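Structure, as structure tokens:
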């Protein structure tokens, strides 16, 4: 199942607008957004490492498909992760983020918690370099296999 499209469809209108308002209110300052803007009776934000790492916790599952009983498998939480990635991409299209599922209600926790990391330019380049090395190794391995089979 492709959760990205499902997530975008779910949040693109109302939820995205709420996040855009919070983002504008705090002038894009994620440290303030996660300490002041993302604190309500249903969710809380926290700064783990200023300017880089944040945590967002929902005190109840907010997925409409889970709430109405259509889905109850923990894999559905990937949709929530994808919705956070989508919202971040809309707020800061030139930035890169990684979002990890820390724990969820569907996995037995009392809350859904996501770790959000802003990827720096150097981390992005490092990840690309690793991917290139991996691709080169696969090509060399493939060439070796072809030579052996000839």
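The values are calculated or read from the model by the stated rules, or taken from the named source; none is laboratory data. Just so it is clear, the structure is predicted and the values come from calculations on it, not from any experiment. Here Cβ is always computed from backbone atoms with ideal geometry, including for glycine, and neighbour counts include all displayed protein chains.
Of all residues in the stretch 24-46, how many are without any contact (Cβ under 8 Å) to a residue 24 or more places away in the chain and either farther than 27 Å from residue 3 by Cβ or assigned to a loop (DSSP other than H, G, I, E, B) (or both)? Summing the residues that are without any contact (Cβ under 8 Å) to a residue 24 or more places away in the chain and either farther than 27 Å from residue 3 by Cβ or assigned to a loop (DSSP other than H, G, I, E, B) (or both) in the stretch 24-46 gives 13. Selection of the stretch 81-108 for residues being farther than 17 Å from residue 71 by Cα and not in a strand (DSSP E or B) yields 84, 85, 86, 87, 88, 89, 90, 91, 92, 93, 94, 95. Out of all the residues in the stretch 11-20, is one or more surrounded by 14 or more Cβ atoms within 10 Å (Cβ to Cβ), part of a loop (DSSP other than H, G, I, E, B) and at pLDDT 85 or above? Yes, the stretch 11-20 has at least one match. Could you list, in sequence order, all residues of the stretch 3-13 that are more than 18 Å from residue 92 (Cα to Cα) and out of contact with any helix residue (DSSP H, G or I) (no Cβ under 9 Å at 6 or more places or on another chain)? Passing the criteria: only 9.
Annotation: of all residues in the stretch 48-64 being buried (at least 18 other Cβ atoms within 10 Å of the Cβ) and in contact with a strand residue (DSSP E or B) (Cβ under 8 Å, 6 or more places away or on another chain), the one that is farthest from residue 80 (Cα to Cα) is 54. Could you run through the stretch 19-42 and say how many residues are at positive phi and over 20 Å from the mean Cα position of the chain (by Cα)? Qualifying residue count, the stretch 19-42: 1.
Filtered by the rule that a residue be more than 12 Å from residue 115 (Cα to Cα) and in contact with a helix residue (DSSP H, G or I) (Cβ under 8 Å, 6 or more places away or on another chain), the stretch 40-57 gives 50, 51.
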